[in-house]
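The values are calculated or read from the model by the stated rules, or taken from the named source; none is laboratory data. These figures come from a predicted structure and were not determined experimentally. All Cβ positions, even for glycine, are placed from backbone atoms using ideal geometry, and neighbour counts span all protein chains on display.
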């Protein structure tokens with residue numbers, strides 16, 4: 001009788017160990033399995049942030065284009081749209097021939113303002129379509145008169161804006177053709193005018 005009880009107790013103890021042991025092992029192993037998953041998620045998020053941040057602000061130099069000669073511009077992007085304002089200069093000719101004392105070259109101040117759509121293409125390579133107006137103020141004529149002019153423009157071009165690392169500035173490159181729209185005396189003119197822009201993005 002004592003032998004049967006001893007055998008039965010041994011059998012029950014082995015059964016309990018078989019049921020509880022694997023469960024405990026799984027519970028003890030769970031944290032070690034979860035940790036790498038959390039690290040991968042964290043690294044993935046970090047990589048995502050470092051590769052997908054794109055500057056919403058830009059400062060770039062534009063040659064020709066809306067300013068006619070050159071201009072330094074500030075741009076702000078809002079989604080697929082970008083608005084810019086710039087300050088530039090354009091030579092008007094020899095000051096002596098226009099009657100201005102001191103000779104040299106007359107310069108006109110130009111202020112281009114445009115809005116463009118950049119939602120066509122990828123996040124890096126884009127087709128840019130836009131329009132705007134440019135204010136110009138300068139001295140011309142034999143009497144050195146000051147003139148104020150406003151002309152419109154519409155442009156289309158290629159825009160390259162690579163993704164940048166979080167916390168660091170990026171790069172912007174633009175090239176295309178602007179059409180200058182203005183009134184010369186009594187005739188409306190549409191002058192194709194290329195442009196090239198190079199600058200930096202931030203924010």
- Query: Do we find that residue 90 is in contact with a strand residue (DSSP E or B) (Cβ under 9 Å, 6 or more places away or on another chain), at pLDDT 70 or above and at positive phi in this structure?
  - Reply: no
Within the stretch 117-134, the count of residues that are in a strand (DSSP E or B), touching a strand residue (DSSP E or B) at 6+ places or on another chain (Cβ under 7 Å) and loosely packed, with under 14 Cβ neighbours inside 10 Å comes to 3
